[in-house]
Structure formats: C-alpha cells, structure tokens
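The values are calculated or read from the model by the stated rules, or taken from the named source; none is laboratory data. Remember, it's a predicted structure, so these values are computed and weren't measured experimentally. Every residue, glycine among them, receives a Cβ derived from its backbone with ideal geometry; neighbour counts consider all protein chains shown.
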Amino acid sequence: MNTATFSRGVHPHEYKELTSHKPIEKLPAPESVFIPLQQHIGKPCEPLVAKGDTVTTGQKIGDAEGLVTAPVHASISGVVKSIGHFPHPLGGRVEMIHIQNGSTGASSDSEILLDRPSDWEKASPEELIRVVREAGIVGMGGAGFPAHVKLNPPPDKPIDAFILNGCECEPYLTADHRMMVENTDEILLGMAIICKILGKCKGYIGIEKNKSDAIQRMQERVEALHYEFAVVPLEVKYPQGAEKMLVQSVLKRKVPAGGLPLDVGVVVHNVGTTLAIHDAIINGKPVTQRVVTVTGDGLRDPKNILAPVGAPFQDLLTYCGETMSETKQVFMGGPMMGLAQYDLSVPLVKTTSGIVSLHQEPVGAIRQMPCIQCGNCVSACPMNLIPTRLARYTQNQRYTELVDWGVFNCIECGSCAFVCPSSIPLVQWIRVGKNKARQGQKSAS
Ligand code: SF4
Ligand code: SF4
C-alpha cells in the first residue's frame, strides 16, 4: 500500500485507542439547548423567533442576509425560554437562543425538513447549493466556513479535484473515523453530490493509515458502488489534515502562500461536512446534530456521541462519566489546536469535533524556559516558517517584520510549541502577533 505525505510535521501520541473502536451512541435528549447565532465564519444570524415561541426540531430559528453566513435551526422541539448572551466555547459571550425541551407536547420525533429537489441527479448545481445553504452546513472539522460558499468557487478558479478529508490527525479524536466506518455509503453519496455541484472533478479520499478499517471499508464500498473515487492512504503525521498539507500529500500540488486550495483547482471538505451535505440533499435534514468524540483520562467511559447542537458540554461529559474532582483541563477540539474551556455550560456547536477532558496540568502551568536556539520549531513547521522569530517579533511589537516573515501563512497547527523543549507558547504568541498585524493593516487602510 503506497502512502502519501507532506514534508516536516510532528508525531504526537495519538490516544485514539480510547474511542476508535466505540460505535457512535446517541445522547439522550438534553433538558435545554443553547443555539449560538454565530457558529460560522461570516455574518452572525438574527433570531427568527421570540421568547415564549414553540419550536420544532429542524425549524430555522436564525438567519442573516449576505453570502458568507449560515442559518441555525432548532435542535430539539420545545419552547424558547430566552434569547441572550451566554458563554461560547470560542470565548466570550455570544447571543444564543435557549430552548427548553419538550414543552410543546409535540411528538419528540416531529421534525421540519428542508424543501429540496426530489431527484438530486436531475437538479442544477444552483438548486443543490441553495439546499446546502438552507441546511446551515459549515466546515465541521473546526473551520466553520459556510459550505455553500466553498461549493460555488469563482468562475476564474476552475476545480478539477475534490478531496474528502478523512485524516482526523488531532490526537484523541475519532468521530470522523467512526463516521467513515458506520456511514460509508452516505459519505460516498455526499461526495458524489459534491462532485456533481463542482462539475467535472475527480474525487479523492485521504485517510491516515492508523484508520485501516476505514480505508478498507471505503475501498470496498467504492468498488461495490462503482464510484470512480481514489482512496489515498496517508502517513500518520500531524498536521496531515490541514487543507494545504492534504492537497500536497494527495495531489502533489502546492497551495501558494496566502492562497486557498481552490487556487490549485481543489475543494476540500471533511467527513462530517460531507455527511451533512448528504443528509440535507437526500433526507432534507438541516444541521441539528453532529458526532463528537468526548474523551480523555478525565472520563470513566469515553465515547463517540451523536448529540444535538446546543447541548451543554457538561451534559456530554456527565454522560461519559466525568470525574470533575480530578479534571485539570477541558478542551474543545484536540490538544494541538483545541481551545481550553473554563465554563462547562458552553454548548456543542457545529464545529465541535471533540471534547477532551484531561487530568494533566494545563500547558500554561508548565514552567517556560528561555529559547536555547535548538531549531526544533523550525524543523517541525509544515509551512516552512521560523516560529521562534515570529514569536520574538510579536514580543518586540515589530509587526512589519512579522508580516514580511510570513505570519499570515501560519495555520496555527501548534507543531512548533509541541516540540519546543523550553515550553515556549509559540502559537499563542504568533496568534497575538497575527491579530495585532491585522489590526495595524486595517487601521492603515
Ligand atoms: S509557526 Fe504556525 S504553521 Fe508553523 S508550526 Fe507553528 S503553528 Fe504550525
Ligand atoms: S524549539 Fe523552542 S527552544 Fe528551540 S529554537 Fe524553537 S523556540 Fe527556541
């Protein structure tokens, strides 16, 4: 079996054995959900309901004008208890719609479905893109970019390849893995729909070799269903699932600095997003739930869970046997790119691929030492940057040099900080530097 990869990168311990063999379980309906009006990159939604309204699962409850946005839907049937600002897993307080479960008397099975073409194969790309937009589908691997925008590239950027991102290279996370094993046919049909929308393009399925059952299952079903998709096994290396690395590994095409995969004729969607596109077009279901890995040594029974969007993290952790007395930190996402959480009332959002509960001390609690010029961070950086220099320019507020040395090419993968023997929080510094440089550019224009 040939395996493809990119240059540099790191090999963190995987910890995937905690959940990789565990079938997806459905979370019992929560008492309440909190649906943020912004779960995507772009314009936040305005509420379409008011306090006291009854809502049904699948009902659109927030939307906005404009191209780069995505509507939100009720993930349970019930009553709108309030609309206000609540803690968000990305930080700060964000406007959310609080729905209390089951107060309508409606059957818990009732659900509002999307208006969609009866035969997707005869539908135009525009009709299919409209359904994807109405379903509120965003990049569910964590990016949160509205999927309908990615599926409608500008005419001067012809697309000839679609890559299903099945890498899931972050330690601990296994939700995409389980979906590839358990929902194989639906994901493949989702790929076929995407390839039809994009026009003449070839489909590729990139999966890291540590998911051999998913590779085998995909290969078998591609052949059995006569798809012309190529299954590409990839070396287990972080950040193999970063879009630019994936395009390089699968197609040997290099996305230019500051560019996007569509600049080299490629669209990439992750497994959850592709399954959501299938569910919207074939079953008329908007994004009201997602599969999330809830794991870590802070839990008695880590799981892969299908949970309603808006379910509080605490409900998910409790369902997995959280032992809070021993938990030292909880992340949304994996430990490489994830965000530490300080309030477990925050809701699951469309981009929550994992919740990781750990006993070990937070990174910030480990004593930072001076840089010893070892060069490990430079050797690890998949974007060929010099992380130590970027951190230093940020510390010295030299933002012009920061931009000149490519800070905007940083994909914030965390590989540099992972290998640093001095425990210097390089990514945090680079993130601060990026924000400052961006603010400087805005105020200068
Ligand atoms: S500088 Fe950015 S891209 Fe390079 S390793 Fe660090 S976080 Fe990743
Ligand atoms: S890895 Fe850490 S100690 Fe080594 S050069 Fe980079 S910043 Fe300095």
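Every residue in the range 380-401 that is surrounded by fewer than 22 Cβ atoms within 10 Å (Cβ to Cβ) and either away from ligand 2 (no atom under 13 Å from the Cβ) or farther than 16 Å from VAL427 by Cβ (or both), please.
MET383, ASN384, ASN396, GLN397, ARG398, TYR399, THR400, GLU401
Within the range 92-100, can one find any residue that is in a loop (DSSP other than H, G, I, E, B) and touching a residue at least 24 places away in the same chain (Cβ under 8 Å)?
To start, the set of residues in the range 92-100 that are in a loop (DSSP other than H, G, I, E, B) comprises 92.
Restricting the remaining residues to those that are touching a residue at least 24 places away in the same chain (Cβ under 8 Å) gives none.
No - not one qualifying residue is present in the range 92-100.
Inside the range 13-23, can you point out the residues that are in a loop (DSSP other than H, G, I, E, B), buried (at least 19 other Cβ atoms within 10 Å of the Cβ) and in contact with a strand residue (DSSP E or B) (Cβ under 7 Å, 6 or more places away or on another chain)?
THR19
In the set ILE355, ILE430, ILE411, which member is buried (at least 16 other Cβ atoms within 10 Å of the Cβ), within 16 Å of ligand 2 (Cβ to nearest atom) and not hydroxyl-bearing (Ser, Thr, Tyr)?
ILE430 is the lone residue from the list that is buried (at least 16 other Cβ atoms within 10 Å of the Cβ), within 16 Å of ligand 2 (Cβ to nearest atom) and not hydroxyl-bearing (Ser, Thr, Tyr).
Being touching a Gly at 6+ places or on another chain (Cβ under 8 Å) and within 16 Å of ligand 1 (Cβ to nearest atom) narrows it down to one residue among VAL378, VAL427, VAL432; which is it?
Only one candidate passes the filter, namely VAL427.
Would you be able to say whether some residue in the range 362-375 is over 22 Å from ALA257 (Cα atoms), away from ligand 2 (no atom under 14 Å from the Cβ), in contact with a strand residue (DSSP E or B) (Cβ under 6 Å, 6 or more places away or on another chain) and of a type outside the set (Asp, Glu)?
The answer is yes, given that some residue of the range 362-375 is over 22 Å from ALA257 (Cα atoms), away from ligand 2 (no atom under 14 Å from the Cβ), in contact with a strand residue (DSSP E or B) (Cβ under 6 Å, 6 or more places away or on another chain) and of a type outside the set (Asp, Glu).
In this structure, does GLY166 turn out to be under 20 Å from the mean Cα position of the chain (by Cα) and at pLDDT below 95?
no
For the range 177-190, does any single residue satisfy the condition of being in a loop (DSSP other than H, G, I, E, B) and more than 23 Å from ILE129 (Cα to Cα)?
Checked the range 177-190: no residue is in a loop (DSSP other than H, G, I, E, B) and more than 23 Å from ILE129 (Cα to Cα).
Got at least one residue in the range 150-173 being touching a strand residue (DSSP E or B) at 6+ places or on another chain (Cβ under 7 Å), under 17 Å from VAL292 (Cβ atoms) and of a type in the set (Val, Ile, Thr)?
no
Please go through the range 414-423 and give me each residue that is crowded, with 21+ Cβ neighbours inside 10 Å and either within 6 Å of ligand 1 (Cβ to nearest atom) or outside any helix (DSSP H, G or I) (or both), ordered by number.
The first filter runs over the range 414-423 and keeps only residues crowded, with 21+ Cβ neighbours inside 10 Å, leaving 414-417, 420.
Selection gives GLY414, SER415, CYS416, CYS420.
Quick check, is THR3 touching a residue at least 40 places away in the same chain (Cβ under 8 Å) and within 23 Å of ILE355 (Cβ to Cβ)?
Details: touching a residue at least 40 places away in the same chain (Cβ under 8 Å): yes; within 23 Å of ILE355 (Cβ to Cβ): no.
Criteria not met by THR3.
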